[in-house]
Amino acid sequence: MSKMFVDVRRCIGCHACSVACKTEHSVPLGEFRTRVRWLPEPGDGRMTFLPLFAETCDLGVNRAQHGLAPACVTACPTKALELVDEAPAESRPLERKGDTRDGVVYRGHARWQEDAMNAGVALSPEDPDPIYEQW
Ligand code: SF4
């Protein structure tokens, strides 16, 4: 079964994947199948990014029927996303279930990023992700 492979070190947080997904699937305003969390690294505050995929994500099954990669993969300017048959070496699912759908594996992310999402770092308590308010 295909998996979405996310090379976190390549992600620049541009949200092109989120926009492509919304366009491809006509996802209504305020709903998302793909989101990208911006997470400041503890200490130096360097921004890091973690793409997440909702349970409603079908890994681009319709496009696959036409020999095309998922819209998010095609849109990503840094090739941080790839649809693969086998999980690449050193990749693993997120440890916290529920943050992203099954069948997504990550490489290069840190546990603190998952913990930061849990603690709401960079996100206000009222709005889990203000940047998405406008979409
Ligand atoms: S399009 Fe690629 S680089 Fe941009 S946020 Fe998505 S995964 Fe990251």
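The values are calculated or read from the model by the stated rules, or taken from the named source; none is laboratory data. These numbers come from a predicted model, not from an experiment. As a convention, Cβ positions derive from the backbone with ideal geometry for all residues, glycine included, and neighbour counts pool all protein chains shown.
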field: In region 76-90, the residues that are in contact with a Cys (Cβ under 9 Å, 6 or more places away or on another chain), in a loop (DSSP other than H, G, I, E, B) and surrounded by 15 or more Cβ atoms within 10 Å (Cβ to Cβ)
entry: Cys76, Ala80
statement: Contact list, first residue from region 1-18 and under 22 Å from Glu86 (Cα atoms), second anywhere and of a type in the set (Phe, Trp, Tyr) and part of a strand (DSSP E or B), beta-carbon distance below 7 Å, six or more apart or interchain, is Met4/Phe53; Val6/Tyr106; Val8/Tyr106; Cys11/Phe49
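Would you confirm whether any residue within region 33-43 is of a type in the set (D, E, K, R), part of a loop (DSSP other than H, G, I, E, B), in contact with a helix residue (DSSP H, G or I) (Cβ under 8 Å, 6 or more places away or on another chain) and within 19 Å of Glu95 (Cα to Cα)? Let's see the steps before the verdict.
Initial filter on region 33-43 (of a type in the set (D, E, K, R)): 33, 35, 37, 41.
Those still in the list that are part of a loop (DSSP other than H, G, I, E, B) too: 33, 41.
Filter once more, keeping what is in contact with a helix residue (DSSP H, G or I) (Cβ under 8 Å, 6 or more places away or on another chain): 33, 41.
Among the residues that remain, those that are also within 19 Å of Glu95 (Cα to Cα) are: 41.
There is at least one residue in region 33-43 that is of a type in the set (D, E, K, R), part of a loop (DSSP other than H, G, I, E, B), in contact with a helix residue (DSSP H, G or I) (Cβ under 8 Å, 6 or more places away or on another chain) and within 19 Å of Glu95 (Cα to Cα).
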- request: Could you tell me which of the residues Val19, Val105, Val73, Val27 is assigned to a strand (DSSP E or B) and within 16 Å of the ligand (Cβ to nearest atom)?
  value: Val105
query: How about region 95-135: which of its residues are at pLDDT below 80 and among the β-branched types (Val, Ile, Thr)?
result: Val121, Ile131
